[in-house]
Amino acid sequence: MHWRTNHFETLLIENWDEEYTVFQPDSGKTHFLNHMSMKMLIYLDQKPATLEEISAYLAVQFQQEPDHDFQRNIEKVLYHFDTLGLVKKSFVGS
Amino acid sequence: MTEKRSHLQTETARQSLKASMDNIHKHKRRKLLKGTVAVPVVMTLYSGAALARTSNITGEADSIENAVFKDTINGPQLLCVFPDPMQTQIPGGPYDLGQFPQATLIQEPKIDLTASAETVLTSKMQQLEECHARGGIMISAVAYTSIMSKTGININPTW
């Protein structure tokens, strides 16, 4: 299963010294994201990726151990993003 | 003079130290926020419109003295407001009165304003008990004014 962004191009993003406010017109909500969350979205906007791929990328970027706990945190945020409508799942062939 | 200057220097040093400590605290808070960089963080700020939609939420007045009584020809009657039965209510409040708040006036026992303060208070408390028995709550004058300015309250005295 892959993850991809959902209407990323419509988001209004302000960078506050590597912290971000993101206005999402689809929901009318404003989100606060830290640097890692924003990196996740940007990465997924460039290409759909699996949980393992996203975790590996972020682990390198933020010099983290790509262990189970780290991957679990990333997964939680992906599901949270999904709930907010910022990302969506895509299956091979879909 | 020397003593005065010494005092001034001490005060200046104290203020400087305080400013320095404030900066350290600010820096620590900032660092704490930034320190979460190893974990992705997402927080959603809810819009004013969303808050406005749920703004008929109120707690019960904290005292009978702050409750709203309507003056009628039969004396003051407690405004008894009903939490919206369609909403999930939290026991003890705050209560969601819904989009169209409903209320009634508690008519018994009658409140005789010529009676002693103690008797008046007792009558008011009895009206409150009656309101609670019907599933209603008393609200403060502030809450009443706020709700009236937004959606109004439908008062049906015969309930």
query: Is it true that some residue in segment B:90-102 is under 16 Å from B:Thr58 (Cβ atoms) and β-branched (Val, Ile, Thr)?
result: yes
task: Please find, within segment A:48-58, the residue that is surrounded by the most Cβ atoms within 10 Å (Cβ to Cβ) out of those that are more than 10 Å from chain B (Cβ to nearest Cβ) and farther than 16 Å from A:Asp82 by Cα.
output: A:Ser55
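Within the group A:Pro66, A:Pro25, A:Pro48, which residue is in contact with a helix residue (DSSP H, G or I) (Cβ under 7 Å, 6 or more places away or on another chain) and under 14 Å from A:Phe8 (Cα atoms)?
On the way: A:Pro66 fails: under 14 Å from A:Phe8 (Cα atoms); A:Pro48 fails: in contact with a helix residue (DSSP H, G or I) (Cβ under 7 Å, 6 or more places away or on another chain).
Sole residue among the options that is in contact with a helix residue (DSSP H, G or I) (Cβ under 7 Å, 6 or more places away or on another chain) and under 14 Å from A:Phe8 (Cα atoms): A:Pro25.
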- request: Kindly provide the set of residues from segment A:60-82 that are at the interface with chain B (Cβ under 10 Å from one of its Cβ atoms) and either within 16 Å of B:Thr44 (Cβ to Cβ) or surrounded by 15 or more Cβ atoms within 10 Å (Cβ to Cβ) (or both), ordered by number.
  value: A:Phe62, A:Gln64, A:Phe70, A:Asn73, A:Ile74, A:Lys76, A:Val77, A:Leu78, A:His80, A:Phe81
message: Looking only at segment A:4-30, how many residues end up being in contact with a Phe, Trp or Tyr (Cβ under 8 Å, 6 or more places away or on another chain) and either buried (at least 18 other Cβ atoms within 10 Å of the Cβ) or of a type in the set (Asp, Glu) (or both)?
response: 5
message: So, in segment A:12-42, exactly how many residues are within 15 Å of A:Val77 (Cβ to Cβ), hydroxyl-bearing (Ser, Thr, Tyr) and more than 7 Å from chain B (Cβ to nearest Cβ)?
response: 1
task: Select from segment B:97-129 the residues that are without any contact (Cβ under 8 Å) to a residue 40 or more places away in the chain and outside any loop (DSSP other than H, G, I, E, B) and list them in ascending order.
output: B:Ile106, B:Ala117, B:Glu118, B:Thr119, B:Val120, B:Thr122, B:Ser123, B:Gln126, B:Glu129
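Since every read-out is calculated from the coordinates, none of them should be taken as a lab result. These figures come from a predicted structure and were not determined experimentally. No Cβ is skipped: glycine too gets one built from the backbone with ideal geometry, and neighbour counts run over all protein chains shown.
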